[in-house]
Each structure stands twice: as C-alpha cells, then as structure tokens.
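*Asks:* Dropping the structure in here first, questions after.
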Amino acid sequence: MRLSRYFLPTLKETPSEAQIASHRLMLRAGMIHQEAAGIYSWLPLGFKVLQNIEQIVREEQNRAGAIEMLMPTLQPAELWKESGRYEAYGKEMLRITDRHKREMLYGPTNEEMLTAIFRTYCRSYKELPKILYHTQWKFRDEVRPRFGVMRGREFLMKDAYSFDIDEAAARRSYNRMFIAYLNTFSRMGLQSVPMRAETGPIGGDLSHEFIILAETGESAVYCHKDLVDMPSPGLDVDFDGDLQALVDESTALYAATEDVHDEEAFMKVPEEKRLSARGIEVGQVFYFGTKYSEAMKATVTLKGGGEQAVHMGSYGVGVSRIAGAVIEASHDEDGIIWPMAIAPFKVGIINLRQGDTDTDAACDQAHQVLENAGAEPLYDDSENRAGAKFARMDMIGLPWQLIIGPRGLKDGVVELKERATGERQTLSLDAALNLLEKQCVRSE
Ligand code: 5CA
C-alpha cells in the first residue's frame, strides 16, 4: 500500500481527553475516531488490526470445535422477558421501540437468543454437545465509558455458547474454551492469566477471567507470580482428548480478581511469590448450568426416556478491547510496537529522498516484491522530511522498517530496522527483501 493513496490521519499533538497510552496512541496513529461517548469509527489502520484480532480468535475457536454463525445486533424484548433479565439488566441495556411499538433492544450479550435458537431445532440428546459462536457488536450503556475502546459502549465481542447433557459434559466444553483462550491470547503476543471471577449478570457459579497484567488495567487482581510466565498449552493440543489436567495446571496456583479475592488463601502463597497488581480483562468464561434452559424450556429427550434441560456455558472475548490491551502491553515513548500476528502492515518502506530516480525505483521494486510475497508493506512515498517519516513509522509501530536512500544505494545497500528492539542492519536490497519475506509472511 502506498501511503499517498491510503487514509492515515495521524496526529502530531497528544489528544488531551486520552488518559492512557493505548487511547492516546490509537487516536494519534489514526486508528479510531470518536463518534459519541464510548462509540468509535474504526479508521482503515485500526480496522486492519481489529480484523487480524478477530481472525486469530476465529481460528482458535474453530480449532477447539466451536461453530461460527451470526446473530443480529437488535433483539426482541420478549426473549429477555422469558429469562427474567429484561428488568434485571437495568440501565445498561439500550431499549428501542420500533414503528409498530414493539419493544426491542441492542444486544449486550446473546444467551437468550441462542437458547431460543437451540430449543427450536435441537430436541434430542443426540444433538449434543454443541458449541456455537459469533463475533458481533454489542451495546452496554456503561456509566463511565473510558480509555477509548477499552471500556466502550458499543464494542466488538466474540461470544460462544455451549450446550451439553449434564454438568460433567459441560465442564468438558468449558475446558475446550479455556484452553482455546490461552492459545488465542498467546498468538497475539499477550501473556494472559486465568483468574477465578465473579459471574455478575450472566449468572452461574463457575467463571474465570483472562487477565493481561498492566498498570492501567481497571481490575485489581491477586495471583501467584509463577502464573505470569506460564507457557500456553500450544496449538497441537488434542481438543477431543481430556483437557482437565491442562486446565488444572493453569488453575492450581492462586489467582483471583478483586470481587472473589480470598485474603486468607492468598496469605498461604509464599510472600516472595505474592503478586497484587492491576489487569485488563480480555476474556471471560462461564458455566451456569440450566439457568437459561430451564427458564426458556430448552430441553432434550434422554436416551432412556424423559427430558432434561441442557447445561450451558458462555464464553466471551473482548475483540475491540484487545486492540487497546495489546498497545498497553507493547509500546514505548515513540509509539506502538505491534506483535507480528496482528500488525496492520508488517513492514514500512521509508523513501529518504522522494523524487530521486534511483531511490524511487528501488522503493517501487521493494514495494512490489513485498506486496506480491504477501508481506503487507506500507510505503511512505510522501514528500515529508526523513525525520517526520521516521517519527510516524515508529508511532504506528509496524514490526519492520526498510529504509532506502541515495547514499546507501550508491554503496549497494539499504537499512533494515526492527521496531521492537531498535536494532539496525545494513545489507543489500535483495538480502533485505529475502529476510522480510521470511519474517513477515505467514508460513501456514
Ligand atoms: N455472555 C458472556 C460471555 S459470552 C459475556 O457477556 N461476558 S462478559 O460480560 O464478560 O464480556 C466478555 C468480554 O467482553 C469481556 O471479557 C471484555 O473483554 C469485553 N467487554 C465487556 N464489556 C466491555 C466494554 N464495555 N468495552 C469493551 N469490551 C468489553
């Protein structure tokens, strides 16, 4: 992509309304544009990041055996009256009346809708187990939307729902999602810590939040320090096998969010291993048994006769929140440092003397080769001074910078800079392009 043809409205000044680094940088890097409190447009650069996050979430959901679908943003109020949550949800729910005076709402989550779909089509134990998911915009009229996309009112969530015959089977579905989440966040370069958590308006008594430790996180959390660098299970996990041992390993050490924190149990952790910190919740999993299936009569017939309300769980990932969380976890004073897996472009080409025939030709060649190889280059072909080009490239945080100027070309060389380490190397254009193809093109 040529910058001259792209839409990248970067800002030099730090926006005064932004209190944390990720919000500031998302505005400055031209990723998002605020439309109303907690409601954002995703500009092209931000939208690419959002799509990359969504795709990783999708691949790991599919790998774990969940099935993708799509439900609407608007929901009829009747469904929520059946479960009893229409009143209980309170002011966080955006209620809408259509022209026929029918009560609707902008969905904050989809337990009711999917339970109703399930009961329409699935009547027998033979249909079980099932995990269905979608990635869709949600609306929660938060009292204090803040920190940009981290606590929005409209936000993108992946939500999955599991249906099983009994608690033991439901626990297996819970474990699938639990392990899938560890892998999902790890692929994005995030170290997530699963912590016991409150269930809130979703319900049930078994729940874990997946927390990214960060000083600017909204939740106070307490955990054993060894959890902070625990390796993720890895993509070769057998999701049809027994995952209980893996889950037990990840939950054996103390880890809890403030709401369920047990100071007495925490004190049993050796003092030098006690960590009380702040964190960002990027995902949460719930098992709530028959809470919705009983109220909404989602039952299946049993093998030996009789009927059983299905056991359910739900599993959310804050897709849009993750864009902010990754920046909180990965930036420096010059700007964002994208992990390769979700970077909006993988390499920035910087032309140090626009208009110089040889330099322009070398940049054009690099751009074309990298485009064709699928290395997703962004070519700064603007007339700006080199200093301004460097500053902008650092700020938007692409993993690699390929720097091409007339002086180097005379000696047959270009410069390659890695954003994360700041390391630079001087090499021939061919060698640089070779290296970039290896680094930036996904191997699968
Ligand atoms: N139905 C369940 C699971 S599918 C549910 O709604 N869970 S949740 O309330 O925990 O939300 C799931 C994830 O969405 C959270 O872990 C968080 O990462 C994200 N999220 C929740 N509220 C917001 C918000 N206001 N802004 C951005 N992301 C949010």
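The values are calculated or read from the model by the stated rules, or taken from the named source; none is laboratory data. Computed from a predicted model, the values in this text were never measured in an experiment. Cβ sites come from the backbone with ideal geometry, for glycine too, and all protein chains shown count toward neighbours. Side chains included, ligands, DNA and RNA excluded: accessible areas come from the protein's heavy atoms. Shrake-Rupley method; radii C 1.70, N 1.55, O 1.52, S 1.80 Å.
*Asks:* Based on the Cβ-Cβ distance from A168 to Q55, what FRET efficiency comes out when R0 is 35 Å, to the nearest 0.05?
*Replies:* Rounded to the nearest 0.05, the efficiency is 0.60.
*Asks:* So what are the three principal axis dimensions of the chain from its Cα atoms, in whole Å, longest to shortest?
*Replies:* Taking the Cα atoms of the chain, the three principal extents are 83, 60, 42 Å.
*Asks:* Express in Å², to the nearest 10, the accessible area of R392 obtained by rolling a 1.4 Å probe over the protein heavy atoms while all chains stay in place.
*Replies:* About 50 Å², rounded to the nearest 10.
*Asks:* Now, a different point. Could you quote the convex hull projected area for the range 345-440, Cα atoms only and averaged over all directions, in nm²?
*Replies:* The Cα convex hull of the range 345-440, projected and averaged over all directions, gives 5.2 nm².
*Asks:* Work out how much length D205 to E17 would gain on full extension: take 0.36 nm times their residue separation and subtract the Cα-Cα distance, in nm to one decimal.
*Replies:* Here the segment from D205 to E17 would lengthen by 63.8 nm.
*Asks:* Oh, and also: What ³J(HN,Hα) values, in whole Hz, does the Karplus curve 6.51 cos²θ - 1.76 cosθ + 1.60 give for the range 83-93 when θ = phi - 60°, with x put for Gly and Pro?
*Replies:* 7, x, 8, 4, 6, 4, 6, x, 6, 5, 8
*Asks:* Could I ask something else about it? Cross-link candidates for K273: which lysines have Cα within less than 23 Å, leaving aside residues fewer than 8 places away along the same chain?
*Replies:* Counting by Cα, and skipping residues close in sequence, K273 has these lysines nearby: K225.
*Asks:* Another question about this same structure. On alpha carbon coordinates alone, what is the Rg over Rh value for the range 79-208, Rh being the Kirkwood radius?
*Replies:* Reported Rg/Rh, Kirkwood definition of Rh: 0.98.
*Asks:* Sticking with this one: Return the whole-Å distance between the Cα centroid of the range 33-72 and the Cα centroid of the range 219-250.
*Replies:* Centre-to-centre distance over Cα atoms comes out at 24 Å.
*Asks:* Rounded to the nearest 0.05, what FRET efficiency do K268 and T357 give with R0 = 51 Å and r taken as the Cβ-Cβ distance? Could you check?
*Replies:* Efficiency computed from Cβ-Cβ geometry: 0.10.
*Asks:* Additional query: As an exercise, use a Förster radius of 35 Å and the Cβ-Cβ distance of E383 and L427 to find the FRET efficiency, rounded to the nearest 0.05.
*Replies:* So the FRET efficiency works out to roughly 0.85.
*Asks:* Continuing with this model, one more query. Using θ = phi - 60° and the Karplus relation 6.51 cos²θ - 1.76 cosθ + 1.60, list the HN-Hα couplings for the range 45-55 in order, rounded to whole Hz, with x at every Gly or Pro.
*Replies:* 5, x, 5, 4, 4, 4, 5, 5, 5, 4, 5
*Asks:* So how much accessible area does H311 have, in Å² to the nearest 10, using a 1.4 Å probe?
*Replies:* 30
*Asks:* Relative to the longest principal axis of the C-alpha atoms of the chain, give the angle of the C-alpha long axis of helix 167-187, reported between 0 and 90° and rounded to the nearest 10°.
*Replies:* Rounded to the nearest ten degrees, it is 10.
*Asks:* Considering only protein heavy atoms, what per residue accessible area in square angstrom results for the range 345-440 with a 1.4 angstrom probe?
*Replies:* Working: 4360 Å² over 96 residues.
For the range 345-440, the per-residue accessible area is 45 Å².
*Asks:* Computing the accessible area with a 1.4 Å probe over protein heavy atoms, can you report the carbon and sulfur percentage for the chain?
*Replies:* 48
*Asks:* Counting only C-alpha contacts under 8 Å and six or more residues apart, can you give the relative contact order of the range 41-141 as a whole percent?
*Replies:* 36
*Asks:* Would you mind computing, in nm to one decimal, how far apart the modelled labels at E35 and T10 are, each placed 7 Å from Cα along Cα→Cβ?
*Replies:* 2.7
*Asks:* While we're on this one: Considering only protein heavy atoms, with the full assembly of protein chains and a 1.4 angstrom probe, order W137, W80, W42 by accessible area, largest first.
*Replies:* Descending accessible area places them as W137, W42, W80.
*Asks:* Another one. I'd like the Karplus ³J(HN,Hα) series for the range 375-380: coefficients 6.51, -1.76, 1.60, θ = phi - 60°, whole numbers in Hz, and an x wherever there's a Gly or Pro.
*Replies:* 8, 6, x, 10, 9, 7
*Asks:* Okay, moving on. Let's see if you can work this out: charge +1 on each Lys and Arg Cβ, -1 on each Asp and Glu Cβ, no other charges. What is the dipole magnitude of the range 169-259 about its Cα centre, in debye to the nearest 20?
*Replies:* 160
*Asks:* Ok, one more. Say the cut-off is 20 Å between C-alpha atoms; which of K346/K389; K12/K346; K389/K417; K389/K438; K138/K158; K101/K138 go over it?
*Replies:* K12/K346; K389/K438; K101/K138
*Asks:* At 7 Å along the Cα-to-beta-carbon direction for both E68 and E198, put a label point, then send me their distance in nm to one decimal.
*Replies:* Here the answer is 3.4 nm between the modelled labels.
*Asks:* Right, another one. Can you tell me the order of 51-63, 415-427, 180-192 when each peptide is scored by its average per-residue count of other Cβ atoms within 10 angstrom, highest first?
*Replies:* Descending packing order for the listed peptides: 180-192, 51-63, 415-427.
*Asks:* Another question, if that's okay. Considering only protein heavy atoms, with the full assembly of protein chains and a 1.4 angstrom probe, order E154, E371 by accessible area, largest first.
*Replies:* E371, E154
*Asks:* Further question on the same structure: At q = 0.30 Å⁻¹, what log₁₀ I(q)/I(0) does the range 148-190 have when each alpha carbon counts as one equal point scatterer in the Debye sum?
*Replies:* Scattering profile of the range 148-190, log10 relative to I(0): -1.00.
*Asks:* For I96, which sequence-distant residues (separation of 5 or more, or a different chain) have an amide H within less than 5 Å of its own amide H, given hydrogens modelled in the peptide plane?
*Replies:* Answer set, sorted by chain and number: M104, L105, Y106.
*Asks:* Looking at A295, W338, V282, which one has the Cα that reaches farthest to the positive end of the dipole of the range 260-356 (charges on Cβ: Lys, Arg +1; Asp, Glu -1)?
*Replies:* A295
*Asks:* Work out, step by step, the length gained on full extension between E92 and E215: first 0.36 nm times the residue separation, then minus their alpha carbon distance; give nm to one decimal.
*Replies:* Additional length available on full extension: 41.6 nm.
*Asks:* If you don't mind, there's one more thing I want to ask. Taking each pair of distinct Cα atoms in the range 158-265 once, what is the resulting Kirkwood hydrodynamic radius in Å?
*Replies:* 14.9
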